Amino acid sequence: MKSKLVLLSILSFFYALAVQAQQTEIKYLSGLDKDHTVTWDFLCTKGMNSGKWSKIQVPSCWELQGFGNYDYGKTDLVKQADEQGFYKYKFKVDNSWKGKLVNIVFDGSMTDTEVKINGKPAGKIHQGAFYRFKYNISSLLKYGQTNLLEVKVSKKSQNLSVNQAEREADFWIFGGIFRPVYLEALPQSNIERIAVDAKANGDFMLSVYPKSQIDGYKLEAVVKTSDGSKNLKTISETVNARDTLINLESNFKDIQLWSPEFPNLYWVEVNLINEKGKTVHSINQKFGFRTVELRPKDGFYLNNQKVIFKGVNRHSFWPTSGRTTSKALSITDVEMMKDMNMNAVRMSHYPPDVHFLDVCDSLGLMVLDELTGWHNFYDDSIGHRLVKEMVIRDVNHPSIVIWDNGNEGGFNFNLDDDFAKYDPQNRIVIHPWAKFRGTDTKHYPTYNALQNNFIYNDDVFFPTEFLHGLYDGGHGAGLEDFWDVVLKYPNAAGGFLWVFADEGVVRKDKKDSLDAAGNFAPDGILGPYHEKEGSYYTIKEIWSPVYINQKNITSTFNGQLPVENRYMFTNLNQCKFTWKLASFNNKPDSLAKQIDATGGADNIDLSPNERGWLNLKLPENWMNSDVLYVTAKDPHNKEIFTWSWPIKTAKDLAKKWIVPTTAQAAISVSEEQNLLQIKQDNITLIFNKTTGYLQKVVKAGKDLSLSEGPVLAGFDQKLDSFSHKQSGENYTVSASYKGKDNDWLKVDWTFKPGLPVKLEYSYRQNEKKEVDYAGITFNYPEEKITGMQYLGRGPYHVYKNRLKGQRFDLWDKKYNNTITGEIYEGYPEFKGNHAEVYWVQIENKEFPFKVYTEQDHVFLQMLKTEKPKGAFNKNTDINYPKGNLGFMDYIPPIGTKFHGADEMGPEGQKNNVTNKSGEVSALWFDFR
């Protein structure tokens, strides 16, 4: 038995060698990614640590390794850094490779790259940073011995068009070998490359580029299931030595199509077989059956279904490694995009790492793959070669649905027809930002321009950049208005937000501080380390393929929710819906809630673009709970979104929580000069009789610095009357204010033994005047606030045009001074307006206090967000009232990098306060 096992092991070993010999053999000289590197010798000519030989990790951007100079691309080309990097690395090549075709392959090197093997040039200097290139070095190698690789990388290209296309750009310019370097060994007769065209109707064509030295060889393509367990069909064709292209064609039945919703993949194994029936060379390629097409004046289609791109632009970037990334990071990025319910991503502004495209293939994102060219383009001599390098590397990815020839004027029209030379699918080519061949991808339209575009333009419209983020502006802010217009018009095809994440780089020359290049690079939905900003969840809700637009749940609710299927290929009967009823603890500061009941919904058969009703099958006593949560999960069991609705009103819950204390001492009143003191148990409120404002609160001898209110936000008010009186065991303090334009505010403070202090107020504002905000404010010193707990929508602050995406729940936030996109102390940001707050407890260095509201849609203004130092305009400025602790009925919107909020749609307009005139609102201040 033992001898049989030994024999089987030997046979298995030789079989493995035989299989390996058929495949292209790979030997990495560098590491694989930012987390797996190899040390090479290195010398940098200028900047940090220059003029001496040392060590560097490869792949990497040399600035992030402490060499050279940092440049953001908008720097004048004359002033840009021009250092060079010299690399050396020794490696061995096995004797078994002798007689094979050996290439050295660079996946990306910035910018001009000169390669030598054992002192001899490997070929012409390569120009163009983001493209895979290779040299045949078979004759330069010493087999079975040590070889020397020398690489000279010039950050500044000798070709002006390369500098203009790649370096005079709106992104960081890094130097170095930033993607892997490896050797590949192939037999002399081999398959150079393949290109797959697999259509939705099952038609399959494989373009094979063989290098056969002898007539009578055979090409054989075996199509397999995605796991390789089942062969579906074998297609073959004879090859002669003079053949440079062979097309293998067939048709497949009952295939599963590739789409972002169902990213089904297949394998094709392509074998070159000699006249004796032996496989000489074999390669494997994943692919997907799908058809993409532009139908003029109609739309963009995938598998005969109209596409609405819900997309984002993405740089290949990480703060500590620059353009050197990893497959793990690619997976994280794609998973976050999918979590935001995106279905597409645009490469900005260069081809990405191969592993990113692999992840888009397998997890499901449509990709716009882009030739570099930011406002300037490659000349013909460089451009023709780089298009070829780009397309032959990326052609087989089913995720790629469009080729981009440059960006924003960086279009060399002489290259437009090159893409089809290497792409048998003949995917469309666009000019991002321009009208071209039936597409209009105009960047950053205002709301009015968007409307006009559809009125006057028949081209298929999908801006490849829109709602440009800046700090906390853009992205989710304005998206709902924009999307409502997009969904109205038949020739709309969605769009791509700018941009996925802030490009904040760790500066080795500035004590490892983060630098986002002023206002150039803090444009992300995420921070540089993927910190989620508030727009993340707004996008997630607005772009949910299961769209539920139920604003409130009232006593008339019958357990049915209006639902719209915004998928392309998924019936909602493939999704799962669950609900949860919960109640909040009687002691709100305990931040506790209990789950009252859970359940599922009736199966709903709703095809894409159909609307219907989701029956939740709630229990009869559902109104006894405080909140309803509904979660939708997709066919892959991933959460689409969780919606939440308060069941009880703020007034109902206030009644539950506001209970009398057992000790109920009589209320005492004293006056001293301009001060009125109302004492209730061990708590004293002190009012200024000349202003009518609360001046401070004293509890057991400790001061609470709550003061200067209530003030009608945004108005210069004058005290008209001030009075106070006893009414039975209660005591009331009243103040009345008048302002300009017949504005007024009326205030009543009511003290009742054993209960918190109740503030009732009403106001009127000039209905003809539009305002940023409306409500009442107080002052409390920011330096004394340590945090807050609250029941409301959170955890992120909101704007008038960015309300969606937040969940009604209990939240505990510690103080931070995070300035979105500039100071990354922690997310979510502490300061700003918070939505639908039922109660809040202000944690501070004096003593905590709680405020309950009896209104359902009160915004809590917690301090004031600071204006980023790098802001170059007022589009993202937020106008706050004088007070820093407010209870607001109306709040302001926020704009984008290029447009003020008022240009971005109805939600971006100022407020007309028409429905608050004379309405009495109530807050309970609990200092107990």
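We did not get these values from a lab; they are worked out from the coordinates using the rules stated. If you're wondering where the values come from, they're calculated on a predicted model, not measured in any experiment. Positions of Cβ are generated from backbone atoms using ideal geometry, with glycine treated the same way; all protein chains shown enter the neighbour counts.
Numerical summary
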read-out	value
Violating pairs (Cα-Cα greater than 32 angstrom) within the set Lys679/Lys910; Lys34/Lys74; Lys725/Lys910; Lys310/Lys800	Lys679/Lys910; Lys725/Lys910
19 Å cut-off, amide nitrogen to a point 7 angstrom out along Thr75 Cα→Cβ, residues in segment 317-356	318-324
Nitroxide proxy distance, nm - points 7 Å out along Cα→Cβ at Asp41 and Lys224	4.3 nm
Rounded to 5, percent antiparallel among DSSP beta bridges of the chain	90 percent
Size of charge dipole - the chain - debye, nearest 20, with Cβ of Lys, Arg +1 and Asp, Glu -1, no other charges	1880 debye
Whether segment 640-734 is rounded, prolate or oblate, judged on the alpha carbon gyration tensor where a/c under 1.5 counts as rounded	oblate
Ranked Tyr838, Tyr763, criterion: other C-beta atoms within 10 Å, fewest first	Tyr763, Tyr838
Segment Thr238-Ala700, extension gain: residue separation times 0.36 nm, minus the distance between their alpha carbons	156.6 nm
Three-way shape label, segment 867-928, alpha-carbon gyration tensor, a/c 1.5	oblate
Residue-averaged 222 nm ellipticity for the chain, from DSSP H runs of 4+ at -39500 (n - 2.57), nearest 500	-3500 deg cm²/dmol
Efficiency of FRET between Glu866 and Thr146 - r from beta-carbon atoms, R0 51 angstrom, step 0.05	0.30
Charge sum, other residues only, whose C-beta stays under 13 Å from His636's C-beta, Lys/Arg counted +1 and Asp/Glu -1	-1
Listed values (i) 38.6, 126; (ii) 33.0, 112; (iii) 29.3, 93, entry calculated as Rg and Dmax of the Cα atoms in Å	(ii)
Residues Lys152, Lys638 arranged by fewest to most Cβ contacts within 10 Å	Lys638, Lys152
Förster-model FRET efficiency, 45 Å R0, Glu275 and Asp417, C-beta, rounded to 0.05	0.70
Antiparallel bridge percentage (DSSP; both residues within segment 23-184; nearest 5)	95 percent
Estimated vicinal HN-Hα couplings, Hz - segment 485-500 in sequence order (Karplus 6.51, -1.76, 1.60; Gly, Pro = x)	6, 4, 6, 7, 10, x, 8, 7, 10, x, x, 10, 5, 10, 8, 5
Residues Trp811, Trp374 arranged by fewest to most Cβ contacts within 10 Å	Trp811, Trp374
Where labels lie 7 Å past Cα in the beta-carbon direction, separation of Leu675 and Ile658 in nm	2.7 nm
Mean Cβ count within 10 Å, highest first, over the residues of peptides 239-251, 527-539	527-539, 239-251
Cross-link reach list, aspartates and glutamates versus Lys718, counting only Cα pairs under 18 Å and skipping chain neighbours closer than eight places	Glu708, Asp741, Asp743, Asp748
Two-site label geometry, Lys327 and Gln158: point separation in nm, points 7 Å out along Cα→Cβ	3.7 nm
Percent of beta bridges antiparallel (DSSP, segment 299-542, rounded to nearest 5)	30 percent
Net charge, Glu919 excluded, C-beta distance under 15 Å - Lys, Arg +1, Asp, Glu -1	-3
Computed E for Asp484/Phe86 - FRET, C-beta separation, R0 35 angstrom, nearest 0.05	0.05
